[in-house]
Each structure stands twice: as C-alpha cells, then as structure tokens.
Amino acid sequence: MNTVPDPFHDARKKDGILRCPFQGETLPMLLRHADVREAARDWQTFSSDAPFRVPIPSEEEVRSMRQLPIETNPPEHTDYRALVEPFFQRAKQPEVIARVEALIAAKLTAALARDSFDVINDFALPIQSHALTYLLNVPESEAATYIGWGIHVFKVSGGPFKKGHTLEDYLHAQFDRAAAQPGEDFFSALTQATYHGRPLTRDELMGFGNLTFAGGRDTIIHSIANIIAYCGKNPAALGYLRDDPKRIVHAAEEFFRVFMPLTHIGRVCPVATDVHGHTVPPAGRVSLGWAAANLDEAAFPAPTEIRLDRKPNPHLSFGFGPHLCLGAAHARLIVRTLLHALSTRVSAVTVLHALPHVEREAAYERPNGFDALTARLTPVAA
C-alpha cells in the first residue's frame with residue numbers, strides 16, 4: 001500500500017469540480033487544492049452560518065442544535081472558539097502528553113500479549129475514548145461510556161444514521177451536574193463562561209458538546225486503523241521510523257494527508273454563485289473536497305504515492321482558514337505517540353483480516369478506512 005487511489009483525478013483535471021447529488025441537491029464539489037483553500041477562507045461567499053448543513057449529508061435528523069463553533073462565521077466564530085480553545089490546547093501540556101503516552105503504551109502491551117487483536121474496537125476506540133477524557137479534564141472512568149457508544153455517535157457502523165438522543169441525554173446530564181457542582185472540567189468551564197457579556201444558553205452549551213463528541217471520534221479511530229494496516233503492508237516503515245525518530249513528524253503529516261477521513265464538508269452560498277460553470281442557487285450548498293485537494297498534483301509531487309519524508313506537506317486534513325480544526329493538536333499527539341510506540345516496540349504487523357470501508361456515492365467511490373481490522377504484532381527483539 002505505497003499508493004492510494006484518486007477517484008477525483010479526471011474531474012479535477014477537467015473542470016475542477018464534481019457534481020454530486022446529496023439529499024435532493026446537486027452540489028459542486030471543489031477538487032483543486034487552491035480552490036478549496038480559497039473557498040475555506042472566503043466565508044462571505046461560502047458560509048458556515050448554516051445549522052445542520054455543514055456536514056454532508058446534513059444532520060437535521062440526528063441532532064437538535066447548531067454545532068458550535070463550526071456552524072458560525074467570523075466574528076461570532078472567533079468569539080465562540082475562544083471559549084473552548086484552552087481545552088483543545090491541553091494536548092500540548094506535558095501532563096496530558098505523558099498520559100497519552102502511558103495510555104498507548106498500555107494498549108500496545110495488551111495487543112502484543114495476544115495472538116490477534118481487534119484494531120478498531122479493542123485498540124483505536126479505547127485510545128480515542130480515554131484520550132478524550134484527558135482533553136476534557138473529566139474522570140477517566142467516563143471513557144467506558146464513550147466506548148459504549150461505538151465507533152460513530154450518529155451512525156450505525158456500516159449502516160444508516162441513528163438518532164442522537166443518547167449523546168444529548170449524556171450532555172444534558174453533564175451540564176446539569178456542572179451547573180450544580182462546577183469543577184475544572186470542560187462542562188463546568190462552559191456553564192461558567194460568558195459570551196458577549198451573557199451566560200451561554202443551553203442550546204449553545206449543547207452545540208459545543210455535540211461537536212466535541214461527534215467531530216473527532218471516527219476520524220481518530222480511522223487514522224489509527226489506517227496506520228496499522230499500512231505498517232502491515234509496508235514492513236520496512238517501522239524500521240525506517242525506528243532508525244530516526246525525527247522522521248515521525250513528517251510521517252504523521254503524510255498519513256493525515258493520504259488517509260483523510262472526512263472526504264468533504266459543506267458551505268452555503270447566501271446568494272446565487274457561479275462555481276466553475278455550475279450555478280449554486282441562493283441557500284444552495286457547495287462541497288469543499290478535502291480528500292481531493294490532498295491529492296492535487298499542483299500541490300503535491302506524485303500525490304498518490306505515500307512518502308513518509310514528504311516536505312513540504314500543505315495538506316488540508318485539518319481544514320483551512322478560520323475553521324481550522326480545533327482538535328488538530330490532539331490528533332497529532334495521538335498519531336505521533338502511536339508511531340513512536342509502534343516503531344520502538346513492534347518489528348512487524350501482520351494483518352489477519354481486513355474489511356475495507358468504501359464510501360459509495362452517486363458521483364464517486366472512495367476507499368475510506370475499515371469496517372473491520374484484525375492484526376497480530378511481533379515485538380522488537382530484546
């Protein structure tokens with residue numbers, strides 16, 4: 001697996017867009033790196049002030065509140081984001097780094113002791129869930145609840161959307177608890193925060209909580225699974241990183257680029273807008289094709305090749321512009337720590353069973369992670 005497929009190549013070269021039917025709309029998906037960056041920056045033309053309609057498909061059926069801060073524009077977005085950014089920056093604190101290192105070391109020890117392990121459910125999901133408790137500064141015991149929700153908060157694995165009542169009930173309970181007995185955690189900070197001189201409403205609290213639990217869940221799990229599968233198909237990779245741990249930073253960014261879990265995201269045009277010859281009607285949507293932009297030969301030499309030493313690497317896997325991903329530091333901490341632990345302690349990864357997930361839409365098919373992945377790890381000789 002030294003290359004990745006590019007289902008958007010021909011359309012990107014020809015028109016720069018792919019016309020994609022979604023929920024009764026035909027959305028032009030921007031495919032070129034420069035176009036996606038420009039649109040992500042131009043929030044007046046391509047607006048995020050569109051409750052439920054930023055994700056594709058839209059999520060009116062699975063949640064009852066606007067996600068914050070992602071479904072707002074500047075300057076509101078800037079002010080909302082400032083309220084929660086300190087928690088997402090905890091991933092840079094030595095205490096949190098040490099806890100993530102210990103977590104991944106423990107999970108790797110357990111996996112090494114077994115003849116085989118479920119990469120997704122027994123490894124990636126617990127790592128994501130426990131690490132989230134460190135980020136939010138809540139008791140680590142809460143991870144058991146997060147693990148119980150499964151891979152997706154809103155979606156049955158491999159199946160349709162499900163109602164978000166379980167998550168919403170949990171968030172209501174946490175905000176009620178924080179209001180009555182505030183502490184030093186994420187929920188307490190929000191219940192005590194003010195926005196433009198007033199307390200946050202319950203809908204605003206829920207909007208922050210909803211995005212926090214839905215936004216970085218399957219993306220982290222997806223990244224972990226893809227890295228382990230890659231190491232199984234490319235046995236020299238672990239030795240390459242072991243020989244010089246400084247290589248891990250560039251390797252992590254390349255994995256983020258080629259294994260982008262979020263194919264695209266929506267923006268809404270307030271007025272009729274021409275997008276490469278496609279007329280978007282007022283309140284119509286445009287898709288920003290993150291995954292396609294990450295494979296644009298205008299930005300990346302040999303873009304379908306996985307090059308662990310790629311530099312520069314201006315990938316868009318954490319977005320671009322004012323809506324740059326809040327969880328970027330957290331994702332980088334987990335992936336870099338995982339690569340360091342794997343390269344230090346594992347000599348080989350054997351993939352025993354893999355069921356790739358294929359994102360099938362009317363206009364494209366894109367391999368995107370795994371629905372199931374079982375592997376065996378061989379330790380480095382003492």
**OP:** Within the stretch 61-93, track down each residue that is crowded, with 21+ Cβ neighbours inside 10 Å and of a type in the set (Gly, Ala, Ser).
**Re:** none
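Could you please let me know if GLU361 is touching a residue at least 40 places away in the same chain (Cβ under 8 Å) and farther than 21 Å from TYR230 by Cα?
Judged against the criteria, GLU361 is a match.
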Subject >> Some residue of the stretch 128-139 being loosely packed, with under 14 Cβ neighbours inside 10 Å and out of contact with any strand residue (DSSP E or B) (no Cβ under 8 Å at 6 or more places or on another chain) >> reply: yes
Subject >> Qualifying position, being in a loop (DSSP other than H, G, I, E, B), in contact (Cβ under 8 Å) with a residue 60 or more places away in the chain and buried (at least 21 other Cβ atoms within 10 Å of the Cβ), among ASP296, ASP309 >> reply: ASP296
**OP:** Any chance you could count how many residues in the stretch 186-241 are assigned to a loop (DSSP other than H, G, I, E, B), within 23 Å of HIS165 (Cα to Cα) and among the hydrophobic types (A, V, I, L, M, F, W, C)?
**Re:** 1
**OP:** Run SER58 past the list (1) surrounded by fewer than 20 Cβ atoms within 10 Å (Cβ to Cβ); (2) outside any helix (DSSP H, G or I); (3) at pLDDT 95 or above and report the number of the one that doesn't hold.
**Re:** (3)
**OP:** Can you tell me which residue among THR279, THR337, THR344 is hydroxyl-bearing (Ser, Thr, Tyr) and more than 28 Å from LEU135 (Cβ to Cβ)?
**Re:** THR279
Original post:
If ALA102 satisfies every condition in (1) of a type outside the set (Lys, Arg); (2) in a helix (DSSP H, G or I); (3) surrounded by 14 or more Cβ atoms within 10 Å (Cβ to Cβ) but one, which is the exception?
Top reply: (3)
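Would you confirm, using the coordinates I've provided, whether ALA173 is modelled with pLDDT of 95 or more and either over 25 Å from LYS92 (Cβ atoms) or part of a loop (DSSP other than H, G, I, E, B) (or both)?
Values: modelled with pLDDT of 95 or more: yes; either over 25 Å from LYS92 (Cβ atoms) or part of a loop (DSSP other than H, G, I, E, B) (or both): yes.
It is true that ALA173 is modelled with pLDDT of 95 or more and either over 25 Å from LYS92 (Cβ atoms) or part of a loop (DSSP other than H, G, I, E, B) (or both).
The values are calculated or read from the model by the stated rules, or taken from the named source; none is laboratory data. If you're wondering where the values come from, they're calculated on a predicted model, not measured in any experiment. Every residue, glycine as well, gets a Cβ built from its backbone with ideal geometry; the counts of neighbours run over all protein chains shown.
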